[in-house]
Structures are given as C-alpha cells and as structure tokens.
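Student: The structure follows.
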Amino acid sequence: MTDWQALERKYMMNTSKRLPVTLVRGEGARVWDDNGKEYLDFVGGWAVNTLGHCHPEIANAVAEQARTLIQASNQFYTVPQIRLAELLIQNSCFDRVFFSNSGTEANEGAVKLARKYGKLHLDGAYEVITTVNSFHGRTLAMVAATGQTKHQQPYTPLPGGFTNVEYDSIDAIKAATGKKTCAVMLEAIQGEGGVNVPEDDYLKQVHSWCQERGILLILDEIQTGMGRTGTLFAYEQCGIEPDIMTLAKGLGGGVPIGAFLAKERASVFEPGEHGTTFGGNPLACAAGYATLKFLLEHNIVENCRRVGNYLTSSLERLKGEFDFILEVRGRGLLVAMEFSRDIADGVVKACLEQGLLLNAVRPGAVRFMPPLIIGEKEVDEAIAILEKVLARQGK
Ligand SMILES: *Cc1c(COP(=O)(O)O)cnc(C)c1O
C-alpha cells in the first residue's frame, strides 16, 4: 500500500501539524481512512462541511455545473453567482455581495472597502481596530489584523493600519478609536482564539460606538456564519446589523468560496477597484447555492440549535463528573471544553484512536464543530468515546 504520509513529508512544505491519518472518503458525519477505519467527524473540515460530507444535493449541483460551465471571467455575467447573491441578500441584512475564494481574501476585501469608505467619508481615515486572540487569516495584512504574535512574529515588518485591543472590552475599543480609525473588525465569537464568547451586550455596544463615531463595523462571520451558532448569522442573536460581514468556511458546504457583504452606504467600490479571477466562479457558487438552499428549506439551523444545546448539556454532564474540566462554552455547534491542564493534544489523539475526530483549539481546550446535520445519536456516540478517554486522565 502506498505510504502517503512518507510522500507528504518528502514533497510538501512542512506547514501543517497533521494527525497520522490519511482520509480518503466521507459521508454525512463520518469519514474513512486508507485502512478502512471509520471516524465520527467533529472537526467537519474545520467548521466547513455544513451539510456533512458529500451531501447528495451539493455533489449533484457540483457535478451538473461541472458539465455545464466551470469557469468564466467576471467580465461576463454568470448565473450561479447571481442566484447565490440574491439568496444571501434575501436572507441577511445586507444589500450587496462580493465573492472571493477564501476567508482571508474576504477579510482583505472588507478592509479595502472600509479604507475606501474612509477616503470618501472619514477624511482619509484608514486604521482598523481588531482584537487580541482574533483570527482573520494569513495574508500579510490579515496577519497584522490577527491579534496573535505567533502568527505575526516570523513575518515582521507587517503592513500598518491595524491596532489590536483586548476582546470583549468596549472601553478598549473606545480608547483606541481616533481620527484615523475607519472601522472595527471583530468575530462574533472568537473561533481559533478558543471559542471565546463575549458578554451578551458587547457587540451591541461596539455597534452603537461605531454608529456614534460614523465608523464601520466589520463582523468576521467566517466561522460563526451559515448557521453554525444556531441562527443563520451570529449577529441576529445580538440585535445588531453590522455594516460589513465576511463569510467563507461553511458557505460552500466544503467547496472553497468566500464572500463579503455590505450595506448599500458602505458599498463604495467603483468598477476596477477590486476584482478576482476565480472568485464567484460558477462551480463554487453552484455549491454555495445548493448548500444555502438546503440549509433554509430543511430547517438545518434549527437542528443545529437543538443538537447544539444537547451537545452542550452532555458536555456539562461530563464536567460534573471530572474535576479537571473547567468550562464548556460556545453557541450552537461551535463549542469548546476547557481543561485545567494542557491535555488537549493527548485527548485528541486518544479520541482519534477510538474513532472520533476532535480539534485541540488551545493546549488546554478541545473544540467541537461537527456538521450541522448531526443528530442526538451521534452526539451520544461522541460523548461515550470522550468520557472513556477522559476517565483515563483521572478525576
Ligand atoms: C478560518 C477563518 C479565517 C480564514 O479563512 P481562510 O478560508 O482559511 O482564509 C478568517 N477568519 C475567521 C474567523 C476564520 O475562522
């Protein structure tokens, strides 16, 4: 049998800390490796596989589009991107959308839009306030936006125009706002930072502050969007309407696509000022349309809310059983369990052996981000494996 992992080590750049498993197939909430071993997938392609693996609606939409038109230049109109745009606008508070290929690119575009807005309406203001422990992507500008030194240090000097302040502190944002500020960019819940859920009124306060100062609020919903937190978009739970929102991860149900959406007054690009070769291409947009349509027509967001509550209460039960579990936090099917010791890597490896895929989001915390179509039975199965693994850690 081919040793894929040896070939990877030989030919590929050493960037991913991979677990020793080669995945070859997926269906629903399950994946299989090249030895035929089955796993229950609570990583879900990194909060991407909204409808699970190889959902027939997505597979059919992609296959049909692949036989019809895969790529065309944005110099022309193409149908799938217009259909997806209409569906997104009809189901959000925004007026206009731009499609990219990834989350990072969506955030880049959103920041460019905010800078253009600053040039037009805020006397040339260009600075964007972001938060410590945020994650906004890996281009140089988004590394500067991302408030984590481990992502920044190897690449200094970084592009300017970003200020990182404490998360979940309206005072920190107020103190950092100046004449040069054009926008605040935040995650509704910090995903990569450890599933950090802010106080209930935080986003509302930030939104009011931005309105008072006439600056833009960019909400990065790349991880929290597309139903993940129990509403189609997380901002719906905060009683706000941001000026700009970015999406990616779950948007294509597994096919790479990103987007940023904006209110009319913030949609200030002129023709030629921003663009992309692949963004909005028919194949990715057909997948996005199939995903969102299925999500809406089959109450998948409601399923996420119900099963998410069930997952959280099941994890809370484990917390009652093991003293070294400090906290269970999250919304919908974006949940983390925090330990009092740095055992997350060990827990993830032990669960992997038992057939459950999890993510160590911090040295002391594991993250759960399964497909939104899972049911209580699959949660029970995951909890049984986790309980067995945690029991070996002691009480
Ligand atoms: C994953 C993520 C990104 C980056 O998206 P890519 O598609 O990897 O470029 C940006 N922001 C948040 C909140 C994310 O979770």
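None of the figures in this text is laboratory data; all of them are computed from the coordinates on show. Since the model is a prediction, treat every value here as computed from it, not as a measurement. Cβ coordinates were reconstructed from backbone atoms using ideal geometry, including for glycine residues, and neighbour counts include every protein chain displayed.
Student: If you look at just the Cα atoms of the range 57-297, how large are its Rg and its Dmax in Å?
Tutor: Using the Cα atoms of the range 57-297, the pair Rg, Dmax is 17.4, 55 Å.
Student: Here's another thing I want to ask about it. Give the cross-link partners of residue 17 among the aspartates and glutamates, using a straight C-alpha distance below 13 Å as the criterion and excluding same-chain residues fewer than 8 apart.
Tutor: The qualifying aspartates and glutamates are 8, 345.
Student: Tell me the relative contact order for the range 178-315 as a rounded percent, counting alpha carbon contacts under 8 Å between residues six or more apart. Show your work: numbers first, answer last.
Tutor: Working: 173 pairs, mean separation 28.4, N = 138.
Computed over the range 178-315, the figure is 21 percent.
Student: Among 126, 310, 235, 155, which comes first, second and so on when ranked by fewest other beta-carbon atoms within 10 Å? Mind showing how you got there, number by number?
Tutor: Working: 126 19, 310 16, 235 23, 155 12.
Least to most surrounded, the residues fall as 155, 310, 126, 235.
Student: Rounded to the nearest 10 degrees, what's the angle between the helix 79-90 long axis and the longest principal axis of the chain, both from Cα atoms, 0 to 90?
Tutor: Once rounded, the angle reads 90 degrees.
Student: Let me know the whole percent of all Cα-Cα pairs from the range 61-159 that are separated by more than 17 Å.
Tutor: Numbers: 3227 of 4851 pairs.
Roughly 67 percent, rounded to a whole number.
Student: Sorted from fewest to most neighbouring beta carbons within 10 Å, what does the list 231, 276 look like?
Tutor: Numbers: 231 19, 276 15.
Going from sparsest to densest Cβ surroundings: 276, 231.
Student: Could you work out the relative contact order of the chain, using alpha carbon pairs under 8 angstrom and six or more residues apart, expressed as a whole percent? Please list the in-between numbers first.
Tutor: Details: 796 pairs, mean separation 87.2, N = 395.
It comes to 22 percent, rounded to a whole number.
Student: Okay, moving on. In straight Cα distance, which lysines are under 22 Å from residue 112, not counting same-chain residues fewer than 8 positions off?
Tutor: 179, 180, 249, 263
Student: What lysines sit close enough to residue 204 to cross-link, taking a C-alpha to C-alpha distance under 16 Å and skipping anything fewer than 8 places away on the same chain?
Tutor: Residue 204 reaches 174.
Student: Going by C-beta contacts inside 10 Å, put 151, 55 in order with the fewest on the left.
Tutor: Values: 151 19, 55 23.
Going from sparsest to densest Cβ surroundings: 151, 55.
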